[in-house]
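Single-structure report; data block below.
Just so it is clear, none of the values below were taken in a lab; they were calculated from the coordinates. These numbers were taken from a predicted model, which means no experiment stands behind them. Here Cβ is always computed from backbone atoms with ideal geometry, including for glycine, and neighbour counts include all displayed protein chains.
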Amino acid sequence: MATIPSHRRRLIGTVVSDRQTKTVVVRVERTVTHPRYHKQYRVSTKLKAHDEQRQYHVGDRVVIEETRPLSRQKRWRVVERRGAKQESA
């Protein structure tokens, strides 16, 4: 049986908090161009994502996928890990 491709949005981000039960906070960065000065700069957004097994921790690069509302602020779930923890200097 073939896997049906998902039509939901997927984003890559870094876990910045794992203190909540079954929830991680993921920071997603994107590049924006200023409309007048045409300089590119980074904008980050923090999203709450569902982590059922509590297997993702601070510093992990993860892929999150849009899903139905799970709570007041959770509309994303973690799909996979994209890399090991990033060491900050």
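Odds and ends about this structure:
- Checking Ser71, Ser17, Ser44 one by one, the residue that is out of contact with any strand residue (DSSP E or B) (no Cβ under 6 Å at 6 or more places or on another chain) and hydroxyl-bearing (Ser, Thr, Tyr) is Ser71 and no other.
- If the condition is being surrounded by 12 or more Cβ atoms within 10 Å (Cβ to Cβ), outside any strand (DSSP E or B) and either polar (S, T, N, Q) or touching a Gly at 6+ places or on another chain (Cβ under 8 Å) (or both), then segment 1-22 contributes only Gln20.
- Total residues in segment 20-41, condition in contact with a strand residue (DSSP E or B) (Cβ under 7 Å, 6 or more places away or on another chain), over 21 Å from Ala84 (Cβ atoms) and among the β-branched types (Val, Ile, Thr): 4
- Residue list for segment 23-73, filter: part of a strand (DSSP E or B), among the aliphatic types (A, V, I, L, M) and surrounded by 10 or more Cβ atoms within 10 Å (Cβ to Cβ): Val24, Val25, Val26, Val28, Val32, Leu47, Ala49, Val62, Val63, Ile64
- Screening Arg72, Arg82, Arg77, Arg42 for residues that are within 17 Å of Leu11 (Cβ to Cβ), more than 15 Å from the chain's Cα centre (by Cα) and of a type in the set (D, E, K, R) leaves exactly one candidate, Arg42.
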